[in-house]
Amino acid sequence: MAWPEKQRSGRWAGKYRDSQGVVRSAGTFKHRAEALREAGKKEVDTRRSLQRNPDAHKRTWDSWCTEWWESRTVEPGTLARDANRRDVHLIPKWTGIPLGQITRQDVKSWAADLGRTKLSAATVQRIVHLFSASLNAAVDAEILVANPAARIKLPPVTPTKNRYLTHDEYQAILEQLPTDDDELLVQFLTHTGMRFGELAGLHWHRLDLKRQQVTVVDVFDEVQGEIKAYPKGKRARVVPLPDDLVVELAKKKRTAGPCPVSHRTGICRSGLVFTTTAGTVVHRSNWATVFRAAVANANLGTDEEPVALEHATIHDLRHTYASWLIQNGVSLADVGKLLGHVSPSTTQQYAHLAETDRSAILRALRPPEAR
């Protein structure tokens, strides 16, 4: 039997019992009657599910996970990272436990235990969200009536502070790179804001040196070892190229070779812009050692009084591109387009870099006759 329960907030919670006799909530509502009605619907759904397959809830989580995993439609890179989280954190905890016996308190206690480890709050969130996704799928499959992991309160993620290189820091890194190709690669990332996978998958026919622009369409999938088109939700974008970069790219194009990597779809029309000395695709995981060494050896001082560079990553070159544009008057909207941000809110992380025109504000506040 369903029933309403008044909360301290003044709202009403709709309560009911599932097929195991466990008290569940259908949510909170403004009106008592609405809470009772929704709880009643949930209770009916529970009974119908029990009639269809009364033993479905006895299925163990690991058995269900195997079936669910095969039906997931995510990018290969995401699947690989999730597989590691599943193997390390989910399987040891939930193997052998029937789905119907997993309670909300079980999930809360497990999440709290994860939070007491050395794992970051962001990592804990990803692990718990993956487990919750498996239970959501069980609800969709009518194995469970409700997801006991839904809306579990987790430790907040502390925003990381973006790192922006100064022009002096940028030059200091360039001086420590071992080859001209490595130097051009860093120049390209810093002056286009492209992601490393986009650079690794960049073909010569995507460069228009006469019009000084690059069309960002493809990306190299390091997990699958192939070139793929952008995933859904992301559009191709055109990024301008500075004069100096165009000159160096024109020189490099004279020695361009064939494309050394397979494509998921379509026909390859040209070679890659950036390759290793052996002519193979540049892997971020390998090239990162080159960049780290350059950062470690960079000197902002003199030979007599060296000044070490603060830690910087490859992705910080993308942040640097955005910061240089904004500090020179390029709008946040335009920067978002150049970076390929799907949501404008993503670009807001750079909003503090845009200096407000103080004179324009004061001018707007003056009476009309004084303007």
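The values are calculated or read from the model by the stated rules, or taken from the named source; none is laboratory data. The shown structure was predicted, so the numbers you read here are calculated from the model rather than taken from an experiment. As a convention, Cβ positions derive from the backbone with ideal geometry for all residues, glycine included, and neighbour counts pool all protein chains shown.
Couple of notes before you dig in:
- Options 86, 59, 126; residue that is touching a Phe, Trp or Tyr at 6+ places or on another chain (Cβ under 8 Å), of a type in the set (Lys, Arg) and surrounded by 12 or more Cβ atoms within 10 Å (Cβ to Cβ): 86
- Residue 176 being in contact with a strand residue (DSSP E or B) (Cβ under 9 Å, 6 or more places away or on another chain) and either of a type in the set (Gly, Ala, Ser) or at negative phi (or both): yes
- Just one of (1) surrounded by fewer than 19 Cβ atoms within 10 Å (Cβ to Cβ); (2) touching a helix residue (DSSP H, G or I) at 6+ places or on another chain (Cβ under 9 Å); (3) small (Gly, Ala, Ser) fails for residue 312. It is (1).
- Hits in segment 23-58 - residues which are of a type in the set (A, V, I, L, M), out of contact with any helix residue (DSSP H, G or I) (no Cβ under 6 Å at 6 or more places or on another chain) and at pLDDT 75 or above: 23, 33, 35, 36, 39, 44
- Considering (1) out of contact with any strand residue (DSSP E or B) (no Cβ under 7 Å at 6 or more places or on another chain); (2) within 25 Å of residue 76 (Cβ to Cβ), the lone condition that residue 217 does not fulfil carries the number (1).
- Top-ranked residue of segment 7-34 - restricted to ones that are of a type in the set (D, E, K, R) and closer than 11 Å to residue 46 by Cβ, ranked as farthest from the chain's Cα centre (by Cα): 17
- Count of segment 179-197 residues which are within 21 Å of residue 255 (Cα to Cα), crowded, with 17+ Cβ neighbours inside 10 Å and not hydrophobic (A, V, I, L, M, F, W, C): 3
- Of all residues in segment 238-256 being surrounded by fewer than 18 Cβ atoms within 10 Å (Cβ to Cβ) and touching a strand residue (DSSP E or B) at 6+ places or on another chain (Cβ under 7 Å), the one that is nearest to residue 321 (Cα to Cα): 240
- Among residues of segment 131-147 being more than 14 Å from residue 59 (Cα to Cα) and within 25 Å of the chain's Cα centre (by Cα), the one that is surrounded by the most Cβ atoms within 10 Å (Cβ to Cβ) is 131.
Matching residues to (1) within 25 Å of the chain's Cα centre (by Cα); (2) of a type in the set (Phe, Trp, Tyr); (3) under 27 Å from residue 306 (Cα atoms):
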{"residue": "151", "(1), (2), (3)": "yes, no, no"}
{"residue": "154", "(1), (2), (3)": "yes, no, no"}
{"residue": "160", "(1), (2), (3)": "yes, no, no"}
{"residue": "170", "(1), (2), (3)": "no, yes, yes"}
{"residue": "196", "(1), (2), (3)": "yes, yes, no"}
{"residue": "208", "(1), (2), (3)": "no, no, no"}
{"residue": "211", "(1), (2), (3)": "no, no, no"}
{"residue": "215", "(1), (2), (3)": "yes, no, no"}
{"residue": "226", "(1), (2), (3)": "yes, no, no"}
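- Condition met for residue 228 (touching a residue at least 12 places away in the same chain (Cβ under 8 Å), surrounded by 13 or more Cβ atoms within 10 Å (Cβ to Cβ) and in a strand (DSSP E or B)): yes
- Residue in segment 236-254 that is in a loop (DSSP other than H, G, I, E, B), of a type in the set (D, E, K, R) and more than 24 Å from residue 339 (Cβ to Cβ) present: yes
- The residue that is nearest to residue 138 (Cα to Cα), counting only those in segment 59-98 that are aliphatic (A, V, I, L, M) and modelled with pLDDT of 95 or more, is 97.
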